[in-house]
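First comes the structure, then the notes that go with it.
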Amino acid sequence: MIIKKGFTLIELLIVITIIGILAVAILSAIDPVEQIRRARDQGKESDAAELLSAMERYYTAFFEYPWDALNQGDPNNDLVSNNLVWIQILIDEGEVKPPFKERDTWGSVRATLAGTVLHLCFVPESKSFKARVDSGGNICLPR
């Protein structure tokens with residue numbers, strides 16, 4: 001009598017099917033697209049916090065914000081259009097390093113001045129950040 005060792009085709013198909021089901025379950029739980037969106041939002045929040053801190057340090061040193069030094073008056077514009085000049089002023093004064101100006105987040109970060117309080121706001125992409133938005137659909141720093 002000859003005894004053959006090994007798996008049958010049916011056993012192999014069952015194992016492969018189970019592994020496939022587990023892989024789909026894990027990928028749906030991880031949701032890589034959401035992870036990428038959350039990473040982008042965390043980058044925006046970090047950049048906005050760093051810029052806000054630099055602007056406050058600048059204000060403390062010079063008793064004016066960068067747009068006041070440029071006689072622009074109203075900061076309620078997006079940073080990309082003409083206000084990257086603000087970041088250049090902060091670079092010139094040593095508040096941030098030169099590569100800070102090259103970040104790709106500046107197209108989505110907006111500066112607003114409410115009275116004497118400066119806010120930097122952005123619209124989040126990820127579900128976890130959208131749970132923290134204000135009434136305008138933005139996340140604003142400081143909170």
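Each value in this text was obtained by applying a stated rule to the coordinates, not by laboratory testing. On a predicted model such as this, the values are computed, not experimentally measured, just so you know.
For region 93-103, putting each phi into the Karplus relation 6.51 cos²θ - 1.76 cosθ + 1.60 with θ = phi - 60° gives couplings of 8, x, 7, 9, 7, x, x, 4, 5, 8, 4 Hz, in residue order, rounded to whole numbers and with x for Gly and Pro. In this structure, the amide hydrogen of VAL109, modeled 1.01 Å from its nitrogen in the peptide plane, lies closer than 5 angstrom to those of LEU79, counting only residues at least 5 positions away or on a different chain. Note on region 39-141: Rg/Rh from Cα positions, Kirkwood definition for Rh, rounded to two decimals, is 0.95. Region 105-143 and region 1-72 have Cα centres separated by 20 Å.
Membrane-span-like helices in the chain, defined here as complete DSSP H runs extending at least 27 Å along the helix axis by their C-alpha atoms with mean Kyte-Doolittle hydropathy no lower than 0.5, are 9-30; this is a sequence and geometry rule, not a statement about a membrane.
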